[in-house]
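The values are calculated or read from the model by the stated rules, or taken from the named source; none is laboratory data. As the structure is a prediction and not an experimental result, all values here were calculated from the model. Counting neighbours? That spans all protein chains shown, and the Cβs are built from the backbone with ideal geometry, glycine included. Quick note on the areas: whole protein, heavy atoms, side chains included, nothing else; ligands and nucleic acids left out. Shrake-Rupley method; radii C 1.70, N 1.55, O 1.52, S 1.80 Å.
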Amino acid sequence: GRPALTAIQEGSFVNPQEILRECEAYAPPLTRRPDFDLFWEETRRQAHTVPLEPQRTEKLYPTRCAKVFEISYNGFDHTRISGWLILPTWEEKKRFPCLIHYPGFNGNRGNPADFMHWISLGVAVLSIDCREQGGITGNQAAYSGSGLFGGCVSSKGILDKNQYYYRAVYMDCLKAIDFVESCPELDCEKIILHGSSQGGGLVLAVCGLDSRAKIGIANVPSNSNLELRVEGRYGSFTCINDYLRRFPDNLAQAYETLSYFDTMNMADKISCQIFASVGLADPICPAKCAYATFNRIESEKHIIAYPFSEHDGARHIHTERELQYVYDSGILET
């Protein structure tokens, strides 16, 4: 069923504890195909053949506690992924822990001011665009044209796993770790992945495909339990529901494609610490969908379920808990 918000809107009340118990027990059947691991092995090999070609240019910025650089690198193909690199200057260290931030849907790399709380903790930040969304990063990937519906990239290439939009995006995000490894000021043994909504889903996907991160912070994460996301018309995956209304004969092929990008099918590969959050009244990325992935993670994990929060993720309240979690993790120790 839908989360608590729907029941409240319909004039009834669902106890958040009942919703939480249902979420904690939720384990829908995996949709992973037999060639799942081979597909991602080949995808990573293909991404590795594209040279990173990292570039950065220092920008004047009104702060004494950080240096700000505009950066770019080659993603999955030769699409240049744009972002910010922010280095603390208030603390003397040979190498800093680095937080890599992935944006929410139709978001972008943000502004340097968005990340100064991490700089105050002594953590460098790499924040990147998502191709063909709300930033300055374009998209050079080739598509056959199938699936793009209503201008929403979540359905782009839906009939071919090799062309599906998130194949390139997952690799762009993975290659952000390669960028960190190219920076002498950054400690590649102390990498934190961070994001909310789509960004939270990207955190879980990268943690499932790559073992280099030490901590993954995934807030109100998307890209989990994707068949339910489509059927429930939740968030950006509503466009696939719309597409399948127009082309119902493509249902089986669309679901097969989505299976390769569903984070619940990657969860057992995650080896780093995971700190997650959900809103039990979230109508965009329902908590139940997120738990389909979280319940299958076998590494150290912690999740905070906010009883009446929607897709806001409890905002500054949770930000302070993120800071405390990283501070307590020991990753800041020299």
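Do you know which residues across the range 45-58 are surrounded by fewer than 12 Cβ atoms within 10 Å (Cβ to Cβ) and of a type in the set (K, R)?
Listed by number, the list holds a single entry, R45.
Report whether or not Q163 is part of a loop (DSSP other than H, G, I, E, B), open to solvent by 40 Å² or more (accessible area, probe 1.4 Å) and either under 30 Å from Q324 (Cβ atoms) or in contact (Cβ under 8 Å) with a residue 12 or more places away in the chain (or both).
Details: part of a loop (DSSP other than H, G, I, E, B): yes; open to solvent by 40 Å² or more (accessible area, probe 1.4 Å): yes; either under 30 Å from Q324 (Cβ atoms) or in contact (Cβ under 8 Å) with a residue 12 or more places away in the chain (or both): yes.
It is true that Q163 is part of a loop (DSSP other than H, G, I, E, B), open to solvent by 40 Å² or more (accessible area, probe 1.4 Å) and either under 30 Å from Q324 (Cβ atoms) or in contact (Cβ under 8 Å) with a residue 12 or more places away in the chain (or both).
Looking at S155 and the list (1) touching a residue at least 60 places away in the same chain (Cβ under 8 Å); (2) buried (at least 23 other Cβ atoms within 10 Å of the Cβ); (3) more than 16 Å from the chain's Cα centre (by Cα); (4) within 30 Å of T319 (Cα to Cα), which single condition is not satisfied?
Only one criterion is unmet by S155, namely (4).
For the range 312-329, which positions are modelled with pLDDT of 95 or more and open to solvent by less than 50 Å² (accessible area, probe 1.4 Å)?
Hits for the range 312-329 are H318, T319, E322, L323, Y325, V326, S329.
Taking into account only those residues within the range 73-91 that are outside any loop (DSSP other than H, G, I, E, B) and out of contact with any helix residue (DSSP H, G or I) (no Cβ under 9 Å at 6 or more places or on another chain), which is least open to solvent (accessible area, probe 1.4 Å)?
At the first step, the residues of the range 73-91 found to be outside any loop (DSSP other than H, G, I, E, B) are 73-74, 80-88.
Next, from what is left, pick out any that are out of contact with any helix residue (DSSP H, G or I) (no Cβ under 9 Å at 6 or more places or on another chain): 80, 82.
Working: R80: 68, S82: 18 Å².
Within the range 73-91, the match that is least open to solvent (accessible area, probe 1.4 Å) is S82.
Which number in (1) out of contact with any Gly (no Cβ under 6 Å at 6 or more places or on another chain); (2) outside any helix (DSSP H, G or I); (3) under 18 Å from V125 (Cβ atoms); (4) open to solvent by less than 30 Å² (accessible area, probe 1.4 Å) marks the one condition that R212 misses?
The number of the failed condition is (4).
Could you please find all residues in the range 138-152 being within 18 Å of S236 (Cα to Cα), open to solvent by less than 50 Å² (accessible area, probe 1.4 Å) and part of a loop (DSSP other than H, G, I, E, B)? Spell out how you get there, then give the answer.
If we filter the range 138-152 for residues that are within 18 Å of S236 (Cα to Cα), which is where we start, we get 146-152.
Then keep just the ones that are open to solvent by less than 50 Å² (accessible area, probe 1.4 Å); that gives 146-147, 149, 152.
Of everything in the range 138-152, those that are within 18 Å of S236 (Cα to Cα), open to solvent by less than 50 Å² (accessible area, probe 1.4 Å) and part of a loop (DSSP other than H, G, I, E, B) turn out to be S146, G147.
Results for (1) assigned to a loop (DSSP other than H, G, I, E, B); (2) under 19 Å from the mean Cα position of the chain (by Cα); (3) under 17 Å from I215 (Cβ atoms); (4) of a type outside the set (K, R), shown as yes or no for each residue.
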| residue | (1), (2), (3), (4) |
| --- | --- |
| S271 | yes, yes, yes, yes |
| P283 | yes, yes, no, yes |
| T293 | no, yes, yes, yes |
| R296 | yes, yes, no, no |
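Hey, A142 hits all of (1) at pLDDT 95 or above; (2) farther than 27 Å from V220 by Cβ; (3) of a type in the set (G, A, S) but one; which does it fall short on?
(1)
Look at the range 218-258 and say how many of its residues are under 28 Å from A281 (Cβ atoms), out of contact with any strand residue (DSSP E or B) (no Cβ under 8 Å at 6 or more places or on another chain), of a type in the set (G, A, S) and in a helix (DSSP H, G or I).
1
Looking only at the range 97-124, count how many residues are among the hydroxyl-bearing types (S, T, Y), over 26 Å from P51 (Cα atoms) and outside any helix (DSSP H, G or I). Even if it seems obvious, please write down each step before you answer.
At the first step, the residues of the range 97-124 found to be among the hydroxyl-bearing types (S, T, Y) are 102, 120.
This time we only want the ones that are over 26 Å from P51 (Cα atoms), so: 120.
When the remaining residues are screened for being outside any helix (DSSP H, G or I), the result is none.
Total meeting the criteria: 0.
Consider the range 301-334. How many of its residues are part of a loop (DSSP other than H, G, I, E, B), within 23 Å of D282 (Cβ to Cβ) and of a type outside the set (A, V, I, L, M)?
At the first step, the residues of the range 301-334 found to be part of a loop (DSSP other than H, G, I, E, B) are 307-314, 330-334.
Next, from what is left, pick out any that are within 23 Å of D282 (Cβ to Cβ): 307-314.
Now drop any that are not of a type outside the set (A, V, I, L, M), which leaves 307-313.
Number of matching residues: 7.
Considering only residues of the range 18-44 that are among the charged types (D, E, K, R) and outside any helix (DSSP H, G or I), which is surrounded by the fewest Cβ atoms within 10 Å (Cβ to Cβ)? Steps first, please.
Residues of the range 18-44 that are among the charged types (D, E, K, R), as a first pass: 18, 21-22, 24, 32-33, 35, 37, 41-42, 44.
Retained after the next criterion (residues that are outside any helix (DSSP H, G or I)): 32-33, 35.
Details: R32: 15, R33: 15, D35: 12.
For the range 18-44, the residue satisfying everything is D35.
Suppose we filter the range 246-274 for residues that are touching a Lys or Arg at 6+ places or on another chain (Cβ under 6 Å) and hydroxyl-bearing (S, T, Y); how many remain?
Residues flagged as touching a Lys or Arg at 6+ places or on another chain (Cβ under 6 Å) and hydroxyl-bearing (S, T, Y) within the range 246-274 amount to 3.
Given the conditions (1) touching a Gly at 6+ places or on another chain (Cβ under 7 Å); (2) in a loop (DSSP other than H, G, I, E, B); (3) over 30 Å from L244 (Cα atoms), report the number of the one that K94 does not fulfil.
The failed condition is (1).
Restricting to the range 259-269, give me the number of residues that are part of a helix (DSSP H, G or I) and open to solvent by less than 30 Å² (accessible area, probe 1.4 Å). Give the derivation first.
Here is the first cut: in the range 259-269, the residues part of a helix (DSSP H, G or I) are 259, 263-265, 267-269.
From what is left, the residues that are open to solvent by less than 30 Å² (accessible area, probe 1.4 Å) are 259, 263-265, 267.
Looking only at that region, the number is 5.
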